[in-house]
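The values are calculated or read from the model by the stated rules, or taken from the named source; none is laboratory data. Everything quoted here is computed from the prediction, not taken from an experiment. All Cβ positions, even for glycine, are placed from backbone atoms using ideal geometry, and neighbour counts span all protein chains on display.
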Amino acid sequence: MMGAQARVPSTPSPELLARLRGILAQVADPEIPVLSVLDLGIVRHIRLLGDGRLEVGIAPTYSGCPANAVIKEDVLRALAAAGFEAVATEVLAPPWSSDWLSAEGRRKLEAFGIAPPAGRASGAGQGDAPAACPRCRSQRTTRISEFGSTPCKALYRCEACLEPFDYFKCL
Amino acid sequence: MTPRFHYVLRLADTNLVLAQRLGEWVGHAPALEEDLGIANIALDLLGQARLLLAHAGRLEGAGRGEDELAYLREESEYFNLTLVEQPNGDFGDTVARQYLFDAWQFGLYEALARSKDSTLAAIAAKGIKEAAYHLRYSGGWLVRLGDGTPESHARVERSLRELWPFTNELFDDDETDHAVAADGTGALPSSLLPAWSARMDETLARATLKRPAPARFGWYGKQGRHSEHLGYLLAEMQSLHRAHPGAAW
């Protein structure tokens, strides 16, 4: 809008924010569909821009995760479907880590068969391991590979039930 | 070219070229787990390279984005370390190259996480956790090959000896390095040597491998003077974009 008075970005009202969060709670991670973008903890802010559009700040999970671009598109599409025009901005700092996963997200992961990250990501470099097999709860597990089907997962095997399972790394 | 633009390009190009090299293993690694592991490392490095290239483009301020910088520069305009453009060779050669690199990058990101360039600091803070995973992977394999059979020991020792001269460049300071270290945005390469060297000695001892003797070094990739291998790599990497300018997913 030419000549319109510039207005600074503002925080949406609590009612609007609750509605927006309700929409985002339905946007799934494309690679781990039981998790929403809110469970992942990658939505850093929602602002109202001076021109009436929304700005959603999204933190990338892993630097090279191919899901990053898809997540951004899915968020904008879901908001557009509800009648909100939005732009997405990338938020690099503070960096996302598995510490940002919500408690609800961790429960959903385990129910889905993926062992949630055990411990804090700040200990990265020391090595970490799942607390228990997500199927039979045995603590006797062996690492098959530090790299699994997606950048965020490692591959483990349970020595009690002998099933292989994914572990969401502390990263 | 400002020192900071040059410095960030060096970091970006080093990651991009190594990601491209590692990508050549996809479908050819000795086991499925190694295929996934190497592909994952390549993906992390590529992701970091994209963030760094985009940052370099903004620093340059000439309107070049990550694609223009990656696909439309010639060999002499690439500033990656000569180490990372070396061919994959056998799995042991790749493991040796990766461990020499990962140990360097881990220390580099630790230092850059304190950079006065906040974007660089954020990229490093994010990358350090990925680098820690890469380091454990390549270090684990170096120990297994070194402390494995007489055959694997002899072969990986030869890999290490052949690649060792390329590590000189990792710790050499030039004008660009001094400039970015002076204004607090970059890390002085020579400052990373003591920690790298100590880590090398510790891992090589566990791998029962001898530390190669220092050797002369004839290339300077970070100043655009490359070995004969980079041109072929870029030709393959850039062919699609040059044949179909502006092609996007």
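Restricting attention to the stretch B:110-122, the residues being touching a helix residue (DSSP H, G or I) at 6+ places or on another chain (Cβ under 7 Å) and within 11 Å of chain A (Cβ to nearest Cβ) number 5.
Only residues that are under 18 Å from A:Arg47 (Cβ atoms), hydrophobic (A, V, I, L, M, F, W, C) and part of a helix (DSSP H, G or I) were counted across the stretch A:64-83, and they come to 5.
At least 3 residues being touching an Asp or Glu at 6+ places or on another chain (Cβ under 9 Å) and either touching a residue at least 12 places away in the same chain (Cβ under 8 Å) or closer than 20 Å to B:Arg225 by Cβ (or both) is the threshold, and among the helices (runs of 4 or more DSSP H) wholly inside the stretch B:1-91 those reaching it are B:3-23, B:32-60. Can A:Ser138 be described as polar (S, T, N, Q), away from chain B (no Cβ under 14 Å) and part of a loop (DSSP other than H, G, I, E, B)? Criteria met by A:Ser138. Mind listing whichever residues of the stretch B:107-119 are in a helix (DSSP H, G or I) and either of a type in the set (Gly, Ala, Ser) or in contact with a Gly (Cβ under 8 Å, 6 or more places away or on another chain) (or both)? Those that are in a helix (DSSP H, G or I) and either of a type in the set (Gly, Ala, Ser) or in contact with a Gly (Cβ under 8 Å, 6 or more places away or on another chain) (or both): B:Gly107, B:Tyr109, B:Ala111, B:Leu112, B:Ser118.
Across the stretch B:7-49, the number of residues qualifying as over 11 Å from B:Asn80 (Cβ atoms), crowded, with 23+ Cβ neighbours inside 10 Å and either of a type in the set (D, E, K, R) or more than 13 Å from every other protein chain (Cβ to nearest Cβ) (or both) comes to 3. Here A:Val70 passes the criteria (1) within 26 Å of B:Leu46 (Cα to Cα); (2) surrounded by 18 or more Cβ atoms within 10 Å (Cβ to Cβ); (3) at pLDDT 90 or above except the one numbered (2).
Yes or no, residue by residue, for (1) farther than 26 Å from A:Phe168 by Cα; (2) within 14 Å of chain B (Cβ to nearest Cβ):
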{"residue": "A:Ser63", "(1), (2)": "no, yes"}
{"residue": "A:Val70", "(1), (2)": "no, yes"}
{"residue": "A:Arg77", "(1), (2)": "yes, no"}
{"residue": "A:Glu85", "(1), (2)": "yes, no"}
{"residue": "A:Pro95", "(1), (2)": "no, yes"}
{"residue": "A:Trp100", "(1), (2)": "no, yes"}
{"residue": "A:Phe112", "(1), (2)": "no, no"}
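May I ask you to list the residues in the stretch A:84-100 that are at pLDDT 95 or above and part of a loop (DSSP other than H, G, I, E, B)? Residues satisfying the conditions are A:Phe84, A:Glu85. On the stretch given as the stretch B:187-224, residues that are touching a residue at least 60 places away in the same chain (Cβ under 8 Å) and within 16 Å of the chain's Cα centre (by Cα) total 9.
The residue that is nearest to the other protein chains (Cβ to nearest Cβ), among those in the stretch A:144-171 that are more than 13 Å from B:Asn40 (Cβ to Cβ) and assigned to a loop (DSSP other than H, G, I, E, B), is A:Cys170.
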